[in-house]
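Before any comments, here is the structure.
The values are calculated or read from the model by the stated rules, or taken from the named source; none is laboratory data. Being a predicted model, the structure only gives us computed values, none of them experimental. Ideal geometry is used to build each Cβ from the backbone, glycine not excepted, and the neighbour counts take in all protein chains shown. Calculation scope for accessible area: heavy atoms of the full protein, side chains included, ligands and nucleic acids excluded. Shrake-Rupley method; radii C 1.70, N 1.55, O 1.52, S 1.80 Å.
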Amino acid sequence: MTTMSNTKPHIIQIVGYKNTGKTTLAAALIGHFSSMGLKVAAIKHDGHDHFEMDQQGTDSYQFGEAGAAAVVVMSEKRTAIMERKATRLKDMLSHLSGYDWIVIEGFKDTSYPKFVMVREEKDLTLVDQLEGVVGIISWLSSEKFMERSIVSRDMTWYSIQETQVIAQSLLERVKSE
């Protein structure tokens, strides 16, 4: 069983196929942790490189279009860094080392502790393919899930409705290790 480090930052990944509720769960966990006064960072993987943070018409966009390899926007309350280069997840985690929790959406192939989102029974195949799975977040009823041999592994099943319970279990897990 993959353990969570009791040194900060604690890391939890949320992985799954498209439209399984990854972003919704990530946002719920971020909300629970931050409402307790914990400092939370979020990392999202975009496998298709479609995202565009700096929108056309903004100064930051203009700087990037002019050829800047990095554009930093800073205000009294926020800092955004847009770099035109790939960054390894490991390096980004190192950059975010001052946080209590880092919630990662995606990056299936890394071995950090992770929840697998299961919307349909066929999504369960993902559980066997991944390292570090600590739980399954499902839209299916537990009875339907329990029929599967997959449950024999040391994994906890959660309903998609139980975000508070999921957040609490992560906190307990960190405390107990």
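Points to keep in mind about this one:
- Test: ILE104 is more than 14 Å from ILE11 (Cβ to Cβ) and among the β-branched types (Val, Ile, Thr): no
- Test result for VAL118, under 22 Å from HIS45 (Cα atoms) and at pLDDT 90 or above: yes
- Where a residue in the range 71-83 is without any contact (Cβ under 8 Å) to a residue 40 or more places away in the chain and its partner, wherever it lies, is in a loop (DSSP other than H, G, I, E, B) and not hydroxyl-bearing (Ser, Thr, Tyr), with Cβ under 7 Å and at least six apart: VAL71/ASP54; ALA80/MET53; MET82/MET53; MET82/ASP54; GLU83/ALA69
- The range 13-23, residues that are open to solvent by 60 Å² or more (accessible area, probe 1.4 Å) and in contact (Cβ under 8 Å) with a residue 40 or more places away in the chain: TYR17, ASN19, THR23
- Scanning the range 48-70 for residues that are part of a loop (DSSP other than H, G, I, E, B), surrounded by 10 or more Cβ atoms within 10 Å (Cβ to Cβ) and not charged (D, E, K, R) returns MET53, THR58, ALA68.
- Some residue of the range 94-109 being among the β-branched types (Val, Ile, Thr), out of contact with any Phe, Trp or Tyr (no Cβ under 7 Å at 6 or more places or on another chain) and at pLDDT 95 or above: yes
- Applying the set (1) modelled with pLDDT under 90; (2) at positive phi to GLY132 leaves exactly one unmet item: (1).
- Exactly one residue out of HIS45, HIS10 is closer than 19 Å to MET92 by Cβ, open to solvent by 70 Å² or more (accessible area, probe 1.4 Å) and in contact (Cβ under 8 Å) with a residue 60 or more places away in the chain, and it is HIS45.
- Out of LYS108, LYS90, LYS85, LYS114, one residue alone is surrounded by fewer than 10 Cβ atoms within 10 Å (Cβ to Cβ) and within 16 Å of the chain's Cα centre (by Cα). It is LYS90.
- Of the residues making up the range 135-177, those that are modelled with pLDDT of 65 or more and among the aromatic types (Phe, Trp, Tyr) are TRP139, TRP157, TYR158.
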